[in-house]
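The values are calculated or read from the model by the stated rules, or taken from the named source; none is laboratory data. It should be emphasised that the depicted structure is a prediction, and the values quoted were computed from it without experimental measurement. For neighbour counting, all protein chains shown are included, and Cβ atoms are generated from backbone atoms with ideal geometry for every residue, glycine included. These accessible areas exclude ligands, DNA and RNA; they are computed on the full protein's heavy atoms, side chains included. Shrake-Rupley method; radii C 1.70, N 1.55, O 1.52, S 1.80 Å.
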Amino acid sequence: MTNKLNNAWVRGIFSLIIGVLLVVYPSAASVYFVMAVGVLFFIPGAVSLSAFLMRRADGRMFPFMGLGSLLFGLWLLITPAFFVGILMYVLGAVLVLAGLGMLVNLSAIRKRAPVAVGFYVVPVLVIVGGILVLVNPFRAAELPFIILGISSIIYALSSMLNAYKFRAVTIEAVEIIKEGPSAEEHSEAEASEVKEVEGEADVKLLEKPEHRDTPL
């Protein structure tokens with residue numbers, strides 16, 4: 001139980017540190033995220049090429065996929081900010097096209113049945129969001145990491161609070177077990193044992209047969 005509580009404290013502290021860093025430095029977090037993706041592409045490609053070079057005599061086919069993975073991972077590691085901008089531009093364009101598509105569908109439905117004005121709110125908001133992403137892609141890239149950082153901070157505080165509560169309950173339970181029964185409980189138990197012994201003695205006296213003198 002103590003190990004589990006200690007693990008909860010460790011997880012909470014690390015989550016709190018990561019959450020604060022994500023909230024304070026969201027732009028750096030987005031760049032490091034792209035670099036982490038680059039590492040995930042780079043390592044398999046490097047392993048594939050290394051295996052080919054070590055066993056070239058076996059007549060194996062050149063690993064073009066491994067080479068592409070290595071080069072793409074290296075590109076992500078060298079220019080992460082460039083890919084952050086590209087991803088945000090793609091996301092902004094997708095949001096704008098999705099909003100326009102929703103408006104087209106609503107216009108088609110309106111020809112057959114009346115459509116309330118409230119149904120147009122969501123597609124308009126989606127289009128506005130896409131335009132904001134296209135105008136300022138790097139600022140938009142920071143938002144998901146800010147939300148992730150806030151969620152991490154909330155998780156950390158909740159985890160440490162639960163660990164503190166359970167630790168207090170555990171310590172109280174251990175103290176009760178160590179103390180054992182109180183003096184009053186001991187005296188009550190001894191008194192009940194004495195009563196049981198006296199009751200058994202009375203029963204034996206009542207059950208003992210009387211000895212009568214037999215004539216000679």
Query raised in the report: Each residue of the stretch 79-92 in turn: what ³J(HN,Hα) in whole Hz from Karplus with 6.51, -1.76, 1.60 and θ = phi - 60°, glycine and Pro shown as x?
Result: 10, x, 5, 4, 6, 4, x, 4, 4, 5, 5, 5, 4, x
Report task. Can you send over the carbon and sulfur percentage of the accessible area for the stretch 1-104, probe radius 1.4 Å, protein chains only? Result -> 79 percent
Query raised in the report: Considering only protein heavy atoms, what per residue accessible area in square angstrom results for the stretch 5-103 with a 1.4 angstrom probe?
Result: 64 Å²
**Report entry** Inter-site label distance for PHE52 and PHE64 at 7 Å from Cα along Cβ, in nm
**Finding:** 1.0 nm
Query raised in the report: Of the listed peptides 131-138, 70-77, what is their order by residue-averaged count of other C-beta atoms within 10 Å, with the highest listed first?
Result: 70-77, 131-138
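Given a cut-off of under 8 Å on Cα pairs at least six residues apart, what relative contact order in percent is computed for the stretch 1-125?
23 percent
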Requested in this report: Multiply the residue separation of PHE138 and LEU97 by 0.36 nm, subtract the distance between their alpha-carbon atoms, and state the gained length in nm to one decimal.
Outcome: 12.7 nm
Query raised in the report: What ³J(HN,Hα) values, in whole Hz, does the Karplus curve 6.51 cos²θ - 1.76 cosθ + 1.60 give for the stretch 121-126 when θ = phi - 60°, with x put for Gly and Pro?
Result: 5, 4, x, 5, 5, 5
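Please state the relative contact order of the stretch 9-70 as a whole percent: Cα pairs under 8 Å, 6+ residues apart?
Reported as a whole number, the value is 33 percent.
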